[in-house]
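A.B. asks: Attaching a single structure in structure tokens format; questions to follow.
The values are calculated or read from the model by the stated rules, or taken from the named source; none is laboratory data. All values reported here derive from a predicted model rather than from experimental measurement. Just the protein is used for accessible areas: all its heavy atoms, side chains included, with ligands, DNA and RNA removed. Shrake-Rupley method; radii C 1.70, N 1.55, O 1.52, S 1.80 Å.
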Amino acid sequence: MTPCLVSRFPYKFIFKDYTADELMQIALSLLRKDDYVLSADAAALLRKAIADILSEKIKNFGNARWITQLVHNGIIPAMANRLASTPHALTREAYQLIEASDVKRAYEQFNSKTIELKPRRQVGFSA
């Protein structure tokens, strides 16, 4: 960024990362919005996964973006795959219940050891 352009933006906004409890609330809100319910084991495993990922403090990690991807691109598809392999008819409650195995499979796919976190592109002009 050029020095002239920097002077035109005198404010810098620094956002603190969400806490584990706040990320859990975000996940529950995303799930609740689509009528999904976590089993007790799934909730405990999700809470542990969140705590594990936060303890690593990886550069370029956007934790609200991560929890959204974990839920939408990990947990829900894992649940759908589990249900698709069930040979018998299921109840509405079965289609809404997320099990610990769904969370485990999603976390295996979306933990910091398996995904590459790229820095966000800088907005502005290059020098």
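A.B. asks: Which value, in Å², gives the accessible area per residue of the range 25-111 when a 1.4 Å probe is used on the protein heavy atoms?
C.D. replies: Values: 4920 Å² over 87 residues.
That works out to 57 Å² per residue.
A.B. asks: I've got another one for you. So how exposed is SER101, as accessible area in Å² (1.4 Å probe, rounded to 10)?
C.D. replies: Roughly 70 Å² of SER101 is accessible to a 1.4 Å probe.
A.B. asks: Report, to the nearest whole %, how much of the accessible area of the range 31-108 belongs to carbon and sulfur atoms, 1.4 Å probe, protein only. Don't skip to the answer; put the middle values down first.
C.D. replies: Values: 2430 of 4480 Å².
Summing carbon and sulfur atoms, their accessible area is 54 percent of the total for the range 31-108.
A.B. asks: Continuing with the same structure: Just to check I understand the Karplus step: with θ = phi - 60° and J = 6.51 cos²θ - 1.76 cosθ + 1.60, what whole-Hz values come out for the range 95-104, glycine and proline as x?
C.D. replies: With the stated coefficients, the range 95-104 comes to 6, 9, 8, 9, 9, 4, 4, 5, 5, 4 Hz.
A.B. asks: With all protein chains present, calculate the accessible area of ASP35 using a 1.4 Å probe and round the result to the nearest 10 Å².
C.D. replies: 90 Å²
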